[in-house]
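Reviewing the structure listed below.
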Amino acid sequence: MPSPRLALVTAYAAPPVAYRPQRGRLLLVVLTWITGFLGAGAAVFFAAQAGDVPGAALAIVFAVVPLPLLLLMYWWLDRVEPEPLRYKWAAFIWGAVVAVAISLVLEGAAAVWLDVPEDVLVAVVAPVVEELAKGLFLFLTVLRARRIIDGVLDGLIVSGLVAIGFAAVENTGYYAASYFGLGEDGNEIAGAEGATLTFVVRGLFSPFAHPLFTSAIGIAMGLAAGRRSRAARWALVATGSVISIILHALWNGSLVIGVPAAYLLVYLTLGGLLVALGCLAVILRSRQIGTLWRSLNYIGQRGWIHPAEVPYLVAFGRRRQARTYAKQRGGRRAEKVVEQYQALATELGFLHDQVMRGRAPRDGVTRTYDLLDRMHALRPELRLPPALPPGVR
């Protein structure tokens with residue numbers, strides 16, 4: 001087996017590929033804002049199905065209540081290697097607007113033109129259409145910017161945000177229908193009591209249902225990102241899509257059957273899968289931190305950065321300490337420089353690790369040197385705390 005030093009020399013001896021910065025950022029932001037406003041209007045429209053203003057307001061409140069906690073959890077998972085904010089909001093809005101619109105059109109067409117029975121529509125058609133509509137965002141993201149989803153944790157985060165957006169708007173319609181007296185499973189309880197009952201089922205006991213379903217696509221996309229074989233990538237994506245559809249169909253099917261024992265069995269099974277998924281996400285996040293320590297320490301040994309900087313670029317407490325130190329001695333500008341330096345170092349650490357493992361994109365080496373150049377350009381204004389004693393993190 002070749003030594004790490006030889007592997008490093010081999011990796012960085014590859015012919016450079018021209019690095020092209022991501023284009024279309026402004027367009028993405030503008031489209032996200034426009035779609036977001038359309039989504040807000042759609043949510044109000046769904047809420048209006050409650051029949052009066054108090055019912056519509058209650059539907060919107062119930063849909064919004066779980067969002068801060070759900071989004072905070074995914075933001076926490078994304079804290080080590082944060083993806084651009086525009087992509088995270090784009091994922092949420094895609095789920096809330098585009099995926100919902102695609103699902104409504106196709107499910108409506110199946111019901112009207114193909115005369116699909118309601119039970120089949122709910123248990124079979126809806127899972128297929130909705131999961132593919134949500135997964136389409138991940139597919140388009142990989143096509144446009146592969147580095148946004150370059151691992152399983154990235155796939156989980158992006159798929160989760162899409163699913164949260166989808167569930168928020170979908171639930172608004174369910175809460176409004178329950179208020180009007182058209183709740184799920186033939187529930188005839190109307191008014192605030194009916195909407196509250198639906199909120200307990202959807203907002204309290206199953207807020208992670210859609211993120212769990214779509215997570216299979218996210219995991220598949222993350223695994224596919226590290227495969228060289230196109231056939232292997234397509235096989236993984238197809239498998240993940242099928243699993244997402246099956247999970248969704250199990251949930252919807254248990255509601256259609258209407259047998260309490262079947263619903264309880266499916267609920268406990270999916271609950272176990274959700275716990276396992278949460279453990280996997282935490283483990284992957286912890287491994288990310290370990291990868292960043294290892295990669296930046298190795299970069300420090302090469303002399304690309306000073307080894308004493310590494311703790312202030314990896315550990316969350318030290319990173320915050322470095323920003324505070326810079327602000328106290330150089331104001332907001334110095335704090336911003338440290339913040340930018342830390343962000344570039346994080347991207348550099350993970351990209352360097354990909355290069356070393358042979359999983360980087362074709363322009364990986366060129367992007368590595370570009371990141372180093374941008375870091376060194378900040379050095380004249382960089383103010384970091386004094387070096388820590390040896391062995392202290």
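The values are calculated or read from the model by the stated rules, or taken from the named source; none is laboratory data. Since we're looking at a predicted model, the values are computed, not measured. Virtual Cβ from ideal backbone geometry, glycine too; neighbours counted across all protein chains shown.
Restricting to the stretch 79-113, count the residues that are out of contact with any helix residue (DSSP H, G or I) (no Cβ under 9 Å at 6 or more places or on another chain) and of a type in the set (Ser, Thr, Tyr).
Going through the stretch 79-113 one residue at a time, the tally reaches 0.
Tell me which residues, restricted to the stretch 297-337, are surrounded by 15 or more Cβ atoms within 10 Å (Cβ to Cβ) and either basic (Lys, Arg) or not in a helix (DSSP H, G or I) (or both).
Correct list: 304, 305, 310, 315, 318, 319, 323, 327, 336.
Could you check how many residues of the stretch 214-245 are surrounded by 15 or more Cβ atoms within 10 Å (Cβ to Cβ) and either under 26 Å from residue 165 (Cβ atoms) or among the polar types (S, T, N, Q) (or both)?
22
Taking residue 127 as meeting all but one of (1) farther than 21 Å from residue 34 by Cα; (2) surrounded by fewer than 18 Cβ atoms within 10 Å (Cβ to Cβ), write down the number of the exception.
Just one mismatch for residue 127, condition (2).
Assigned to a helix (DSSP H, G or I) and touching a His at 6+ places or on another chain (Cβ under 9 Å): which single residue out of 368, 346 fits that description?
368
List pairs: first in the stretch 344-362 and under 13 Å from residue 151 (Cβ atoms), second surrounded by fewer than 21 Cβ atoms within 10 Å (Cβ to Cβ) and polar (S, T, N, Q), Cβ under 7 Å, 6+ apart or cross-chain?
350/291; 353/291
So is residue 361 under 25 Å from the mean Cα position of the chain (by Cα), modelled with pLDDT under 95 and surrounded by fewer than 18 Cβ atoms within 10 Å (Cβ to Cβ) or not? Show your work before the answer.
On the way: under 25 Å from the mean Cα position of the chain (by Cα): yes; modelled with pLDDT under 95: yes; surrounded by fewer than 18 Cβ atoms within 10 Å (Cβ to Cβ): yes.
When the stated conditions are applied, residue 361 passes them.
Under 6 Å between Cβ atoms, which residue pairs at least 6 apart in sequence (or on different chains) link something in the stretch 265-284 that is farther than 17 Å from residue 222 by Cα with a partner that is assigned to a helix (DSSP H, G or I) and among the hydroxyl-bearing types (Ser, Thr, Tyr)?
Close Cβ pairs satisfying both conditions: 266/254.
Give me the pairs, please: first residue somewhere in the stretch 223-247 and under 13 Å from residue 138 (Cβ atoms), second residue anywhere and assigned to a loop (DSSP other than H, G, I, E, B), beta-carbon distance under 6 Å, and either six or more positions apart or on two chains.
Listed by first residue and then by second, the contacts come to 225/149; 225/150; 233/227.
Applying the selection to the stretch 371-393, what residues are assigned to a helix (DSSP H, G or I) and among the charged types (D, E, K, R)?
The answer is 373, 374, 379, 381.
Given (1) buried (at least 24 other Cβ atoms within 10 Å of the Cβ); (2) more than 23 Å from residue 39 (Cα to Cα), where does residue 150 come up short, assuming only one miss?
Checking residue 150 against (1) buried (at least 24 other Cβ atoms within 10 Å of the Cβ); (2) more than 23 Å from residue 39 (Cα to Cα), the one that fails is (1).
Looking for whichever is exposed (fewer than 15 other Cβ atoms within 10 Å of the Cβ) and under 14 Å from residue 350 (Cβ atoms) here; the options are 290, 272. Which one fits? Explain how you work it out, then say what you get.
Values: 272 fails: under 14 Å from residue 350 (Cβ atoms).
So the residue among 290, 272 that is exposed (fewer than 15 other Cβ atoms within 10 Å of the Cβ) and under 14 Å from residue 350 (Cβ atoms) is 290.
Would you kindly identify the helices (runs of 4 or more DSSP H) lying entirely within the stretch 183-296 that contain at least 3 residues that are touching a His at 6+ places or on another chain (Cβ under 7 Å) and at pLDDT below 95?
Hits in the stretch 183-296: none.
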